[in-house]
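Input: a single structure, listed below in structure tokens.
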Amino acid sequence: MAQLPDRVAEAMYEAASRWRKDSGVRSYLGMSGIGGTCRRKIWYGFRGYTPTALEGRVQMIFSMGDAVELQTLRWLEQAGYRITDRQRSFELLNGLLRGHCDGVIEGVTSRPHILEIKSASASRFKLFKENGICQTSPEYAAQVQMYMGCAGLDRALFVVMNKNTCEILTERVHFRKTEFDALVEKAREIISADVEIKAYGRDARECGMCDYRMHCWHAPYIQEAPTCGTCIHCAFHDISPYCRKHDHDILKWGMACPEWEFLDAGLDVVPF
């Protein structure tokens, strides 16, 4: 018997593909991404550029991480660990650099630890086991350094689940103030930059997977949400956003006025 198109699955994929668009524009630079190797990508995200649309099935894969986090928290508590400060928020640099930790866990040692829960594919999990989580992912390493520095804690615990097998891997991390200070300075530089340089060439694997590859290599690309950060009149005095057209400070970052004009920061700055 001929199989009819699965309209239910198609409708679910289409709904999932809208998730990121419906969630709105983030009006700050996230601590979860400050460890990324491409400063241009981080800059695009902070300024509010429209990310490339994700296929619904791919969005579902990312969203599954939220479900893993909730279940992992429940299993940790059932195992006797105390979890506090869930989704505790941190802010630096006038609120333009922000983050939210999964929680603080007690009972690992005598000291409380920042808790960071991740999920991974089987291949990614294998790399974590062989090379270490922080060695494999500079973004994850930077993320917990930021949270520890903001929370005043000197320990963090990664709990990573293999999505294929439910195998669990943990890794403890110590706070290093020099790394924390360097990350804050990196964020300050990106926030105040008129534009950031690209870290990779057009054919790099990292560019092929980037949310902002269309802005970077195929400009001009559709900008769905007008924001001050994507306007040609936006400038920064240190880390204070400023409108050159109206000669005043921008009081609400992430918004825009009727005189918004798109800043096409695309093909002009390349690494080689």
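The values are calculated or read from the model by the stated rules, or taken from the named source; none is laboratory data. Note that the coordinates shown come from a computational prediction; the quantities given were computed from them, not determined experimentally. Ideal geometry is used to build each Cβ from the backbone, glycine not excepted, and the neighbour counts take in all protein chains shown. Side chains are part of the model used for accessible areas, which takes the heavy atoms of the whole protein and leaves out ligands, DNA and RNA. Shrake-Rupley method; radii C 1.70, N 1.55, O 1.52, S 1.80 Å.
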* Structure fact -> Counting only residues in the range 198-233 that are open to solvent by 60 Å² or more (accessible area, probe 1.4 Å) and part of a helix (DSSP H, G or I), the one nearest to F46 (Cα to Cα) is identified as R213
* For the range 78-111, name all the residues that are over 28 Å from R188 (Cβ atoms) and either in contact with a Cys (Cβ under 8 Å, 6 or more places away or on another chain) or surrounded by 13 or more Cβ atoms within 10 Å (Cβ to Cβ) (or both). => Y81, I83, R86, I105, E106, G107, V108
* Asked: If you check every pair at least six apart or on different chains, which have Cβ atoms under 7 Å apart with a residue in the range 229-244 that is under 18 Å from F262 (Cβ atoms) and in contact (Cβ under 8 Å) with a residue 24 or more places away in the chain first and a residue that is basic (K, R) and open to solvent by 20 Å² or more (accessible area, probe 1.4 Å) second?
  -> H233/R244; H233/K245; A235/R244
* **Within the range 140-190, tally of residues that are in a strand (DSSP E or B) and touching an Asp or Glu at 6+ places or on another chain (Cβ under 6 Å)** => 1
* To do: Would you mind telling me which numbered condition in (1) under 22 Å from A142 (Cβ atoms); (2) free of Cβ contacts under 8 Å to residues at least 60 places away in the same chain; (3) under 18 Å from the mean Cα position of the chain (by Cα) R98 fails?
  => (2)
* Does F236 satisfy the criteria of being surrounded by 14 or more Cβ atoms within 10 Å (Cβ to Cβ) and within 20 Å of the chain's Cα centre (by Cα)? -> no
* Which residues, taken from the range 86-95, are free of Cβ contacts under 8 Å to residues at least 60 places away in the same chain and part of a loop (DSSP other than H, G, I, E, B)? -> R86, Q87
